[in-house]
Amino acid sequence: MLGAIAGDMIGSVYEFENRRCKDFPLFTEATTFTDDTILSVAVADVLLHGGDYAKAFKKYYWRYPNPTGSYGARFHQWAAAPTVAPYNSWGNGSAMRVSPVGFSGTSLESVLTEAEKTAEVTHNHPEGIKGAQATAAAIFLARQGRGKDEIRVFVTERFGYDLQRTVDEIRPVYSFNESCQGTVPEALIAFLDATDFEDAIRNAVSLGGDSDTLTCITGGIAEAFYGGIPDHIRQPVLERLDAPLREIVEKFRDRYL
């Protein structure tokens, strides 16, 4: 899942200062992890140690209450409240935190089932569940060595997303969108149009919009497809994680990669 975290960090400085091009610094002094990384690590923690996703999300929320690019308003209300009832969200938060499921799953059906579990504790709207499942499935298929055309066809047929567009076609008309249905297809296309991991991240940032979440989703899929991330990206990412987050990431990678 380090590719998803790398995408989150790289996109973090461009969420509110969009770059509609692929020429930008990958890392700056302001580059940091956001709630996308925090909740992805929470999912990894549950997969490693067991437990309940709702409780894990709340635990990590209180441990990291004010990250850069902070939690969505409805998640914030849910996490701070005593209730654990979901709030029927179709937001892209379900897709940005699901990458560990794609890396840990042993079959496509188990990945789809677990992705739904990670989503439904908050994002129990059909679009919220679909976004998480599509992202995790793409990661799993990429890990299995499936080609881009096969991934495109599966996601299109199973989830109904339009993946026939290109990054160059999307970029001029794309705007900030926090929904799964307005983020996951675009993040997938950023991966499908890429030549390598870094190019996938640059594609995603260049679309504008909710940059850290776009790049988080794209980064997880690209890592799985390209078999890792380059050292010039991996090392700055690991250096920007605090010790508790890095410990879970390293444990997860030791077990599943």
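The numbers here are math on the coordinates, done by the rules we state, and not lab data. Predicted model only: the values in this text are computed from it and were never measured. No Cβ is skipped: glycine too gets one built from the backbone with ideal geometry, and neighbour counts run over all protein chains shown.
Tabulated data for the structure shown
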{"quantity": "Vicinal HN-Hα couplings computed from phi for region 200-205 (Karplus, 6.51 cos²θ - 1.76 cosθ + 1.60; Hz; Gly/Pro x)", "calculated": "4, 5, 5, 4, 5, 4"}
{"quantity": "J(HN,Hα) series, region 50-66, from Karplus relation 6.51 cos²θ - 1.76 cosθ + 1.60, nearest Hz, glycine and proline x", "calculated": "x, x, 10, 5, 4, 5, 5, 4, 5, 4, 6, 4, 6, 6, 10, x, 9"}
{"quantity": "Shape call, region 2-256: gyration tensor on alpha carbons, a/c limit 1.5", "calculated": "rounded"}
{"quantity": "Per-residue ³J(HN,Hα) for region 211-216, Karplus 6.51 cos²θ - 1.76 cosθ + 1.60, θ = phi - 60°, Hz, x for Gly and Pro", "calculated": "4, 5, 6, 3, 6, 5"}
{"quantity": "Packing rank of 14-25, 236-247, 89-100, where each peptide gets the mean count of other beta carbons within 10 Å, highest leading", "calculated": "89-100, 236-247, 14-25"}
{"quantity": "FRET efficiency for Asp162 and Thr106, using Cβ-Cβ distance with R0 set to 35 Å, rounded to 0.05", "calculated": "0.70"}
{"quantity": "Spacing of the two label points (7 Å from each Cα toward its C-beta) at Lys22 and Phe154, in nm", "calculated": "2.5 nm"}
{"quantity": "Length-normalised contact order for region 144-256 - Cα pairs under 8 Å, 6+ apart - percent", "calculated": "20 percent"}
{"quantity": "Cα gyration tensor, region 185-228 - rounded (a/c under 1.5), prolate or oblate", "calculated": "prolate"}
{"quantity": "Signed unit charges on C-beta, dipole axis of region 29-150, positive-most listed residue Asn66, Ala115, Ala42", "calculated": "Asn66"}
{"quantity": "Of Phe197, Tyr87, Val155, farthest towards positive along the dipole that unit charges on Lys, Arg, Asp, Glu beta carbons give the chain", "calculated": "Tyr87"}
{"quantity": "Relative contact order for the chain, counting Cα pairs under 8 Å that sit 6 or more residues apart, in percent", "calculated": "31 percent"}
{"quantity": "5 angstrom amide H check on Ser179, placed H, neighbours 5+ away", "calculated": "Asn92"}
{"quantity": "Dipole moment magnitude, nearest 20 debye, the chain about Cα centre, only Lys, Arg, Asp, Glu C-beta charged", "calculated": "460 debye"}
{"quantity": "Peptides ranked, highest mean first, by Cβ atoms within 10 Å: ranges 198-209, 146-157", "calculated": "198-209, 146-157"}
{"quantity": "Straight-distance crosslink candidates among lysines, where the alpha carbon sits under 19 Å from Lys55 and sequence neighbours closer than 8 are dropped", "calculated": "Lys117"}
